[in-house]
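Since the structure comes first, as structure tokens, the remarks are kept for the end.
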Amino acid sequence: MEPTQSLPFSPYRCSSNASPIKIFCSLTTPYNHLLRNYYFVSSVSIYKQEKSKGQHEFVVAVIFGPHQSRSFLVVERTPQESSSIDTFRTLSSNNSVPAIDTIVCLDEVTFVKFVRTRSANALYCLVFDPPPGHGTFPAVDFCHIVASISAYQESYTLLGSSCYWFAGMVMKVVETCFTVKQTRGNGDAAGRCKGLKIFRPEPNAIRDIMASYNTKRSEEGRSLLSIIREEGGFRRPTGIHMTIYRPPGSFRIGNRPDPS
């Protein structure tokens, strides 16, 4: 298996089991400096799903990787389930429950089945410059953005920070941070439940989320610098083992034995 095939976002690592966004993003952290060079977002879309108790919206990011590999990140917010409380009856007022924000990486075949099972349709799509070559929107940055949005508002309210708010905020922040090459569909059709407009852009929220995103980018840069200083090279996975890769002309600090 090539090194890039063992990285997160690779179709070889896809699973049908969704993970909390915080956990998924923590798993990508050790590889961020590699992922930034290998995996790029080609499009981000809002999908609407018809449910027995209403409608639901979620976000899909299409990720391109080495050798034209393609995977699909599905990101969504749902209310925490409870066996003793009817969630939607509880949320009929201004009450809130904890939000469950998840992300799952699917290969193309599984994604097609997923959408068909959900009876979901794409409403609105933002298209970015895709590979070949280097894209303009690293998949790592998409993870930073959804993690920042999830942390900004951790509660679920039916007419506030619901799935519509979460999906709409992802689209708005992505559109603000990166250059969109093309749009498809009707953006006004998103963020609505049975025609009622739920999501409205919140300038203060967008500003705070972008500040959090920029902080994560800065922390990523400091983490990479720390790796260079501590190990004298970049860590990358080879199969299930970790080795040290030193580009030509790289340097070492101290007289440590070579860990590779």
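The values are calculated or read from the model by the stated rules, or taken from the named source; none is laboratory data. In this text, all values refer to a predicted model and were calculated from it rather than measured experimentally. Virtual Cβ from ideal backbone geometry, glycine too; neighbours counted across all protein chains shown.
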### Query
What tally of residues in the range 29-53 results from selecting those that are within 16 Å of the chain's Cα centre (by Cα) and free of Cβ contacts under 8 Å to residues at least 60 places away in the same chain?
1
### Task
Could you please tell me which pairs satisfy a Cβ distance under 7 Å, a separation of 6+ or placement on different chains, a first residue in the range 102-116 that is closer than 30 Å to SER155 by Cβ, and a second residue that is assigned to a helix (DSSP H, G or I)?
THR102/ILE21; ILE103/ILE21; ILE103/PHE24; ILE103/VAL146; CYS105/ARG13; LEU106/PHE114
### Candidate set: the range 184-201, residues that are in contact with a helix residue (DSSP H, G or I) (Cβ under 9 Å, 6 or more places away or on another chain) and surrounded by fewer than 17 Cβ atoms within 10 Å (Cβ to Cβ); chosen: the one nearest to HIS144 (Cα to Cα)
PRO201
### Message
Anything in the range 159-190 that is closer than 17 Å to SER43 by Cβ, at pLDDT 90 or above, hydrophobic (A, V, I, L, M, F, W, C) and more than 15 Å from the chain's Cα centre (by Cα)? List them, or say none.
### Response
VAL180
